[in-house]
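*Asks:* Please read through the structure below; I'll follow up with questions.
The values are calculated or read from the model by the stated rules, or taken from the named source; none is laboratory data. Predicted model only: the values in this text are computed from it and were never measured. Here the Cβ is made from the backbone with ideal geometry for all residues, glycine too, and neighbour counts use every protein chain on show.
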Amino acid sequence: MANHKSALKRIRSNETKRLLNRYKHKTTRNAIKNLREVTDKKEAEKLFPEVVSMLDKLAKSNVIHANKAANLKSSLSKHVAAL
């Protein structure tokens, strides 16, 4: 068990951040999955900027690597363009 007051606070804040990061990551994965399932080009073009924004936010907060975000955005843009 932690001996310092600051260490106890760090444990609490880390848990809060972990849960928030987990929620954001799962939400983004579901959005990507939904975008890949869409067959209508107009609908896909509407969803694409939202998904890209979510990926950029995850990369900015180091939940996912910046290159992974770039690779996902690239593959999704190819998918949307091919519709």
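*Asks:* Would you be able to say whether some residue in segment 34-53 is of a type in the set (Ser, Thr, Tyr) and modelled with pLDDT of 95 or more? Steps first, please.
*Replies:* Here is the first cut: in segment 34-53, the residues of a type in the set (Ser, Thr, Tyr) are 39, 53.
Subset that is modelled with pLDDT of 95 or more: 53.
Yes, segment 34-53 has at least one match.
*Asks:* Of all residues in segment 62-83, which are in contact (Cβ under 8 Å) with a residue 24 or more places away in the chain and assigned to a helix (DSSP H, G or I)? Reasoning before the result, please.
*Replies:* Applying the first criterion (in contact (Cβ under 8 Å) with a residue 24 or more places away in the chain) to segment 62-83 yields 63-64, 72, 76-77, 79-80, 83.
Those that are in contact (Cβ under 8 Å) with a residue 24 or more places away in the chain and assigned to a helix (DSSP H, G or I): 72, 76, 77, 79, 80.
*Asks:* Kindly establish whether residue 59 is surrounded by fewer than 15 Cβ atoms within 10 Å (Cβ to Cβ) and not in a loop (DSSP other than H, G, I, E, B). Don't jump to the end; show me each part of the working.
*Replies:* Details: surrounded by fewer than 15 Cβ atoms within 10 Å (Cβ to Cβ): no; not in a loop (DSSP other than H, G, I, E, B): yes.
So residue 59 fails the test.
*Asks:* Return the total of residues in segment 37-53 being part of a helix (DSSP H, G or I), closer than 16 Å to residue 75 by Cα and either over 18 Å from the mean Cα position of the chain (by Cα) or of a type in the set (D, E, K, R) (or both).
*Replies:* Quick first cut of segment 37-53, residues part of a helix (DSSP H, G or I) only: 37, 41-53.
Of the ones still in play, those that are also closer than 16 Å to residue 75 by Cα are 37, 41, 44-45, 47-53.
Right, trim to either over 18 Å from the mean Cα position of the chain (by Cα) or of a type in the set (D, E, K, R) (or both) and you get 37, 41, 45, 50.
Of the residues in that region, 4 qualify.
*Asks:* For residue 28, indicate whether it is free of Cβ contacts under 8 Å to residues at least 60 places away in the same chain and not in a helix (DSSP H, G or I).
*Replies:* So residue 28 fails the test.
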